[in-house]
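S.K.: First the structure, which I've put down as C-alpha cells, then a few questions once you've had a look.
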Amino acid sequence: MAIEVKNLNVYIKENHILKDVNILFPEKQITCIIGPSGCGKSTLLRTLNRLIDSTEHVRLEGQVLVDGVDVIGSGPEITELRRKIGLVSQRPCPLPMSIFDNVAYGCRINRMYRKHRQLIWNVQKQLQAVGLWEEVRGRVRTPASRLSIGQQQRLCLARSLAVEPEYILADEATSALDPISSKTVEDLFVSLKNDYTILMVTHTLRQALRIADNVVFMYMGEVVESGPADSVFHHPQAELTQKYLSGAFS
Amino acid sequence: MNSRILKDRTAHFVMLCMSLFAILLVLLMAAGLYLKSHPVLEAHSLWKLLFSSEWRPMKGEFGFLPFIMGTIWVTQVAIIFALPVSLLTALFLTEYAKPFVKRLVFPALDILAALPSVIYGVWGVLVIVPIISKRIAPHFMDFSSGYTVLAAGVVLGVMIVPLLVSLFIEVFSNVPMELRDASLALGATKWQTTRKVVLRKTFTGVVAATVLSVSRAMGETIAVLMVCGCVIGIPQGVLEACYPIPALIANNYGEMLSMPYYEAALMFAALILFAVVLIFNLLSRMVLYRIEKKEE
C-alpha cells in the first residue's frame, strides 16, 4: 500500500518539469515534500492522481506504482485511481452546494451507498473526523461557501475522506489559513496518519519539522535528497539541502 | 494642479457624461415612443389595444394580440431550438475540446455572428421554408407554404446560437480550474463534473446569458420577416404563419401613414416591444438576485 515513483519524467511542451524522479512514499506515514517555488512539487502531486492530464501538451515517462500498479499510460481506470487518492488543495475549494452535499458528493458520484441513511451516517462521521460536526450540525443544509476559510479547508478534507481513500495528497493545505486554523488542520493530518498514507507539499520548514516522518527535498525538478525526516533535517547529505535548510534560499 | 491629476479628473468627467448620455438615450427613446403613440392610446383603451385581435386599420381598430403572440411564439421556438445546441456546444468547447478544435471553431462562430441577418433570411427562404412545406408540414396538414412560426423560429434560433455560445463560453471559463480539479480528484468523470459542478456553479450566468439572447431575438426583424408568412392572426401551432411585432413595424412604417392613428399605432407596437424586453429583463434580474442571495 505504498506509492513508488520510478524514473518519472514530466514534460510540458519543451519544458522538462520533473527530471528522473525516484521516490518511495512509505505506507501510513507523513512524507513532506519541500523545496523552493517552481521546483515541481505540485506537478509531482498532480501526476500521482493524474490530474495533470487536464494540462495541455503534457508528456509523462516512467512509472508511478500505486499499490503496485502502474498508473501512467492506460493503467487502471482513472476515476477509481482518483477515488483512492484524496486531494486537499492550497485554497479550500468547496463545491457550489450545501455542507452536507459537499461531503456526500464523492459518495454519490461513486455510488457508494444504496441507502440514504448510510450516506447521512458517513457524512456525519467524516464531519466529526475533521472536528467540524459540532460547529455545523444545525446548518449542514446551508451553502458551504458561508463557512470560514479554515472550516472550508476542513470540509474539503472531510469530503476527501468520505470516499474512503488510501492516500491523501495535500498541496500546501495550510498556507492560506490563519495560524489557528492552520494548527487545527495540521493536527488533523497527524491524527490521520494511522489510517492513511499522507503526502504533503509544504512551504514551511517548521511544519515539515513538526509532522514529517519522511522528507523529500526537490530542486529544479529533481529530487536532491530524501529519507527519514530526522536524518534529512539534522544530517543532510547534499550541499544544496544544507543551504536550503539554513535559509540560504527559499 | 498637477497635470496628470487634471487628466485623471477630465477622463472621469468625460466617461461619466458618456454613461449618462447612454442611459438618457434609452429614456428619451421610451419617452419619444410614448408621445408618438399617445393619439392611439387616447382613442382606445390599453386593455383593448393589448388583448383584442381585431386589426382593421381602415376602420380604426387596432388589436395587437396577434402580433404579440407572434413574437412570443417565434422567440419561444427559437430559444427551444438554440438553447440545447448552444449549451452543449459551449460545454464541449470549454470542457472537452482540444486546443486545435477551439482554434477552428471560435473563428467560425465569429463569422456566423457577424453574418448580416438578411443572409439568414435568404437561407431560410431557400432552405428551411421548402423543407417545412414539402417534408414536415404534409405529415400534419394538407398544405402549408412553409412560411411559418417554425421557419421563423429555426432561422432566429440559428442566428442567436453564435451569440449564446460565446456568452456561455465566457460564463463557463470563469469557473476556477481548482473547482473542476476538486470534483475530478474525488473520482468524478468529466461529465459528472460538468453537470454537477460547472453547470451548477454557473446557473445564474447561464440564465442571464439566455435572457440577453432572448431580448435580442425578440427584436430581430429582417430574417424573421422574410420567413414568418406575415399573416395577421394568432398562431395556433408552429406550422401556422405569424406576424411578429418587428415585422409589422418594418413592413408598414412609411406606408399609408395618412390613415388616422396608423402611425401612432405602429409607434405603440414599438413601445410594446420595448416594454416587453424591459419587463423581461427586469423580471429575470429579480429572479437571479433572489437565487444569488440564497446561495451566498
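The values are calculated or read from the model by the stated rules, or taken from the named source; none is laboratory data. None of the values given here were measured: they were computed from a predicted structure. Neighbour counts run over all protein chains shown; Cβ positions are idealised from the backbone, glycine included.
S.K.: Being surrounded by 15 or more Cβ atoms within 10 Å (Cβ to Cβ) and assigned to a loop (DSSP other than H, G, I, E, B) is the filter here, so list the residues in the stretch A:76-104 that pass it.
M.R.: A:S89, A:Q90, A:R91, A:P92, A:C93, A:P94, A:L95, A:P96, A:M97
S.K.: Just wondering, is there one or more residues in the stretch B:246-265 that are at positive phi, assigned by TED's automatic domain parsing to the domain that holds B:L83 and loosely packed, with under 15 Cβ neighbours inside 10 Å? Spell out how you get there, then give the answer.
M.R.: At the first step, the residues of the stretch B:246-265 found to be at positive phi are B:254, B:256, B:261.
Still in the running and assigned by TED's automatic domain parsing to the domain that holds B:L83: B:254, B:256, B:261.
Keeping just the survivors that are loosely packed, with under 15 Cβ neighbours inside 10 Å gives B:254, B:256.
For the stretch B:246-265, residues at positive phi, assigned by TED's automatic domain parsing to the domain that holds B:L83 and loosely packed, with under 15 Cβ neighbours inside 10 Å: present.
S.K.: For B:C242, state whether it is touching a Leu at 6+ places or on another chain (Cβ under 9 Å) and within 24 Å of B:I131 (Cα to Cα).
M.R.: Answer is no for this residue.
S.K.: If you don't mind, another one. Residues that are among the basic types (K, R) and either in contact with a Pro (Cβ under 8 Å, 6 or more places away or on another chain) or buried (at least 21 other Cβ atoms within 10 Å of the Cβ) (or both), at least 1 per element: which helices (runs of 4 or more DSSP H) completely within the stretch B:139-225 meet that?
M.R.: Here the list reads B:177-185.
S.K.: Further question: Give the residues of the stretch A:37-55 that are closer than 20 Å to B:A182 by Cβ and not in a helix (DSSP H, G or I), sorted by residue number.
M.R.: A:N49, A:R50, A:T55
Quick grid of which residues meet (1) more than 12 Å from B:F67 (Cβ to Cβ); (2) among the basic types (K, R); (3) not in a helix (DSSP H, G or I):
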| residue | (1), (2), (3) |
| --- | --- |
| B:Q236 | yes, no, yes |
| B:F268 | no, no, no |
| B:V277 | yes, no, no |
| B:R285 | yes, yes, no |
| B:R290 | yes, yes, no |
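S.K.: A follow-up question, please. Within the stretch A:56-75, restricting attention to residues that are surrounded by fewer than 15 Cβ atoms within 10 Å (Cβ to Cβ) and assigned to a strand (DSSP E or B), which residue is nearest to the chain's Cα centre (by Cα)?
M.R.: By that ranking, first place goes to A:V69.
S.K.: Further question: From the residues in the stretch A:146-160 that are in contact with a Leu (Cβ under 8 Å, 6 or more places away or on another chain) and of a type in the set (A, V, I, L, M, F, W, C), which one is surrounded by the most Cβ atoms within 10 Å (Cβ to Cβ)?
M.R.: Filtering first and then ranking leaves A:L157.
S.K.: Given the condition closer than 30 Å to A:T55 by Cβ and more than 26 Å from the chain's Cα centre (by Cα), answer yes or no: does some residue in the stretch B:131-139 qualify?
M.R.: Pass one, the stretch B:131-139, residues closer than 30 Å to A:T55 by Cβ: none.
Checked the stretch B:131-139: no residue is closer than 30 Å to A:T55 by Cβ and more than 26 Å from the chain's Cα centre (by Cα).
S.K.: Would you call B:V105 under 20 Å from B:I72 (Cα atoms), hydrophobic (A, V, I, L, M, F, W, C) and surrounded by 12 or more Cβ atoms within 10 Å (Cβ to Cβ)?
M.R.: Criteria not met by B:V105.
S.K.: I would also like to ask the following. Restricting to the stretch B:252-294, give me the number of residues that are without any contact (Cβ under 8 Å) to a residue 12 or more places away in the chain and polar (S, T, N, Q).
M.R.: 1
S.K.: Kindly provide the set of residues from the stretch B:246-294 that are in contact with a Cys (Cβ under 7 Å, 6 or more places away or on another chain) and aliphatic (A, V, I, L, M), ordered by number.
M.R.: B:A247, the sole residue that qualifies.
S.K.: Let me ask something else. For the stretch A:32-52, does any single residue satisfy the condition of being surrounded by fewer than 16 Cβ atoms within 10 Å (Cβ to Cβ), within 14 Å of another protein chain (Cβ to nearest Cβ) and more than 13 Å from the chain's Cα centre (by Cα)? If you could, list the steps in order and put the result at the bottom.
M.R.: Within the stretch A:32-52, the first condition is being surrounded by fewer than 16 Cβ atoms within 10 Å (Cβ to Cβ), and the residues that meet it are A:36-38.
Narrowing the set further to residues that are within 14 Å of another protein chain (Cβ to nearest Cβ) leaves none.
No.
S.K.: Identify the residue in the stretch B:92-127 that is more than 30 Å from B:G146 (Cα to Cα) and not in a helix (DSSP H, G or I) and, among all such residues, is nearest to the other protein chains (Cβ to nearest Cβ).
M.R.: Selected residue: B:K98.
S.K.: Could you tell me which numbered condition A:S175 fails, if it satisfies all but one of (1) without any contact (Cβ under 8 Å) to a residue 24 or more places away in the chain; (2) within 25 Å of A:I17 (Cα to Cα); (3) small (G, A, S)?
M.R.: Just one mismatch for A:S175, condition (1).
S.K.: Filter the stretch A:109-134 down to residues that are surrounded by fewer than 18 Cβ atoms within 10 Å (Cβ to Cβ) and within 14 Å of chain B (Cβ to nearest Cβ), then give me how many there are.
M.R.: As a first pass, look at the stretch A:109-134 and keep what is surrounded by fewer than 18 Cβ atoms within 10 Å (Cβ to Cβ): A:111-118, A:120-121, A:124-125, A:128, A:131, A:133-134.
If we keep only those that are within 14 Å of chain B (Cβ to nearest Cβ) as well, we get A:111-112.
Total meeting the criteria: 2.
S.K.: Could you please find all residues in the stretch B:116-138 being free of Cβ contacts under 8 Å to residues at least 12 places away in the same chain and buried (at least 20 other Cβ atoms within 10 Å of the Cβ)?
M.R.: Passing the criteria: none in range.
S.K.: I would also like to ask the following. Looking only at the stretch A:13-28, filter to residues that are in a strand (DSSP E or B) and more than 11 Å from A:V58 (Cα to Cα); which one of those is nearest to the chain's Cα centre (by Cα)?
M.R.: If we take residues in the stretch A:13-28 being in a strand (DSSP E or B) and more than 11 Å from A:V58 (Cα to Cα), then A:F25 is nearest to the chain's Cα centre (by Cα).
Yes/no matrix, rows are residues, columns are (1) away from chain A (no Cβ under 14 Å); (2) at pLDDT 90 or above; (3) farther than 21 Å from B:A78 by Cα:
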{"residue": "B:R180", "(1), (2), (3)": "no, yes, yes"}
{"residue": "B:L184", "(1), (2), (3)": "no, yes, yes"}
{"residue": "B:F203", "(1), (2), (3)": "no, yes, no"}
{"residue": "B:V211", "(1), (2), (3)": "yes, yes, no"}
{"residue": "B:P246", "(1), (2), (3)": "yes, yes, no"}
{"residue": "B:N251", "(1), (2), (3)": "yes, yes, yes"}
{"residue": "B:M256", "(1), (2), (3)": "yes, no, yes"}
{"residue": "B:M267", "(1), (2), (3)": "yes, yes, yes"}
{"residue": "B:F274", "(1), (2), (3)": "yes, yes, no"}
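S.K.: Could you check how many residues of the stretch A:135-172 are part of a helix (DSSP H, G or I) and either at the interface with chain B (Cβ under 10 Å from one of its Cβ atoms) or on the phi > 0 side of the Ramachandran plot (or both)?
M.R.: Result for the stretch A:135-172: 6.
S.K.: Of the residues A:R82, A:R59, which single one is within 14 Å of chain B (Cβ to nearest Cβ) and not hydroxyl-bearing (S, T, Y)? So that I can check it myself, show each step before the final result.
M.R.: Values: A:R59 fails: within 14 Å of chain B (Cβ to nearest Cβ).
Being within 14 Å of chain B (Cβ to nearest Cβ) and not hydroxyl-bearing (S, T, Y) holds for just one of A:R82, A:R59, which is A:R82.
S.K.: Next question, about the same structure. So if I check each of B:K7, B:K36, which one is closer than 16 Å to B:I249 by Cα and either touching a Lys or Arg at 6+ places or on another chain (Cβ under 7 Å) or at pLDDT 90 or above (or both)?
M.R.: B:K36
S.K.: Between residues in the stretch A:8-27 that are loosely packed, with under 15 Cβ neighbours inside 10 Å and residues that are among the hydroxyl-bearing types (S, T, Y), which pairs lie under 8 Å by C-beta distance while being six or more apart or on different chains?
M.R.: So the pair list comes out as A:E27/A:T197.
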